[in-house]
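Following: one structure in structure tokens, then a few remarks.
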């Protein structure tokens, strides 16, 4: 997954992709310049059609009946995610978002007073808050690993910290506040060698790059549908390696996750569906399968390469804008770019760009407090590209940004 700068020509960007067809499949490209894919990407038409068709079917024949009718499509969603990760269908749970997926794995682990939870400075706020809560409740400790010179988690420092008290390694693959891609497979090798569970937050990497769980070496992986997978909001999934499924007791159970076998007895589902609940966003889950298919059909290696080059082009142009500072770190970088501008509030820039039909996000220090405080980061403008974006849109973005800065 390394990156070598190449000639950033329009011809290169179109290698392997039929851009007119991609954009025709993406209705939103007619109305907005969407550089908010790390927030919620524009869905392709097949995903929209799958979700709307199911919602209409619910309205026509009833919600329960539509779900029964869509059983094969729902099974396909599990199969598609398993194919994307290179795992078994029984290792996948469908949940409502990445945070709930992460929580179901994390809170299902058992921690005690001597246990150590190792995490990284780029940890996402929701994950780190959960770590702190469990530490307060159990007496476990939360230890933040240092960065290496590239801003990535320091794998050598991780290796040096491993001992019998390490109960979990928790890593955010791609932080919410920049293009850094952490060396997940190197972390996974350390975890496997020590026999320690490894929980990978792939919220920003799913759909943007290959995620072969066997090669990465993660025990658990959480992700969302709405970001780089281009799926619906309100969808997410959890992977748990088969030899760990029954070692993790879900923090919440219902009649889907477990069976009430006698007045005072129950049995928890033996596969990853123990982490699900009965009520779910069926239309979204059907459409999530379409989104995964769409990404796999285009090729995750090709998507990742294109995103790297688009983001490199964007960073190069941003560095030419007076007063703008790009804050991305990492030996390997992805489609997320974050920047600040002198004497310009990030939220005000976001609003000014929105008036020009340009979508970006704001990444506040509170979302990645450890990294933000270590680097004294302000609120950042986050511009996140995806493979259906174009070099022409990068030029338009820079023009819009200059206009906003001059206002």
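Any read-out appearing in this document is the output of simple, stated calculations on the displayed coordinates, not a laboratory observation. These numbers were taken from a predicted model, which means no experiment stands behind them. Virtual Cβ from ideal backbone geometry, glycine too; neighbours counted across all protein chains shown.
Observations on the model:
- Exposure proxy order (Cβ contacts within 10 Å, fewest to most) of 256, 34: 256, 34
- Semi-axes of the equivalent ellipsoid for segment 248-294, Cα gyration tensor, largest first, Å: 28, 11, 8
- Approximate spin-label separation residue 137-residue 164, in nm, with each point projected 7 Å along Cα-to-Cβ: 2.7
- GNM top mover of 83, 331, 247 - the chain, alpha-carbon springs below 10 Å: 247
- Remark: the residue 233-residue 193 segment gains 10.7 nm on full extension, using 0.36 nm per residue and subtracting the alpha carbon distance.
- Fluctuation leader among 197, 270, 210 - the chain, Gaussian network, Cα springs under 10 angstrom: 270
- Mean ellipticity per residue at 222 nm, deg cm²/dmol - from DSSP H runs of n ≥ 4 across the chain, formula -39500 (n - 2.57): -12500 deg cm²/dmol
- Using R0 = 51 Å, the C-beta based FRET efficiency linking residue 254 and residue 325 works out to 0.60.
- Working note: Cα atoms of segment 216-365, range along each principal axis, descending, whole Å: 70, 32, 27.
- Label point distance in nm, residue 59-residue 375, each placed 7 Å from Cα along Cα→Cβ: 4.5
- Whole-Å distance, taken between Cα centres, linking segment 359-375 and segment 187-201: 26
- Whole-Å distance, taken between Cα centres, linking segment 99-178 and segment 268-323: 23
- For segment 14-93, projected area of the alpha-carbon convex hull averaged over all directions, nm²: 7.7
- With neighbour counts taken as other beta-carbon atoms within 10 Å, the residues 205, 366 rank, fewest first, as 366, 205.
- Convex hull of alpha carbon positions in segment 345-407: directionally averaged projected area 4.9 nm².
- Two-decimal log10 I(q)/I(0) for segment 307-357, as the Debye equation yields it once each C-alpha is a single scatterer, q = 0.24, 0.31 Å⁻¹: -1.01, -1.18
- Debye log10 I(q)/I(0) for segment 48-297, one point scatterer per Cα, at q = 0.10, 0.11, 0.12 Å⁻¹: -0.49, -0.58, -0.69
- Cα gyration tensor category, rounded, prolate or oblate, for segment 142-289 with a/c compared to 1.5: oblate
- Per-peptide average of other Cβ atoms within 10 Å, ordering 302-310, 135-143 highest first: 302-310, 135-143
- Size of segment 208-272 as Cα extents on the principal axes (Å, biggest first): 47, 28, 14
- Per-residue packing, averaged as other Cβ atoms within 10 Å, sorts the ranges 22-31, 100-109, 121-130, 219-228 into the order 219-228, 100-109, 121-130, 22-31, beginning with the highest.
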